[in-house]
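No value in this document is a laboratory result; all are computed from the given coordinates. In this text, all values refer to a predicted model and were calculated from it rather than measured experimentally. Please note: Cβ atoms are built from the backbone with ideal geometry, for glycine as well, and neighbour counts cover all protein chains shown.
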Amino acid sequence: MAHTCHLFLGCVAARQVWFQVLSQLRQPDLASLGDHELDDWWIIQILRINRTTTPLVDSLLLLTSWSLWKERNARVFRATASTVPDVVVALFVEGAEWASAGFVLRQ
């Protein structure tokens, strides 16, 4: 689990992605990662927000984790690396596609 936690929360690039995404959504305080495992951190974030926005935050956390995973795979398997701003732009583009397809996690 330590490798997963580092990949999604601990490495510098992941922290920068989270901060940029959450800042653009005016939620930079959610970017405080601390020393938590991924699942613990996720639950903490859900408890910090308004209950009516939980499905949207779940979707955002899933989308951001998915984007970090895809970037990791691009680096490992294709030897290509995107900049943090490029990852964030691609994340929001994919998020818009998810929304237009009607994907939002339900309670």
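The length gained on full extension between A74 and L25, counted as 0.36 nm times the residue separation minus their Cα-Cα distance, comes to 15.0 nm.
What percent do you get for the relative contact order of the range 4-101 when only Cα pairs under 8 Å and 6+ apart count?
Working: 51 pairs, mean separation 30.3, N = 98.
Value for the range 4-101: 31 percent.
Ordering of 43-49, 63-69 by packing is 63-69, 43-49, highest average first (other Cβ atoms within 10 Å, averaged per residue).
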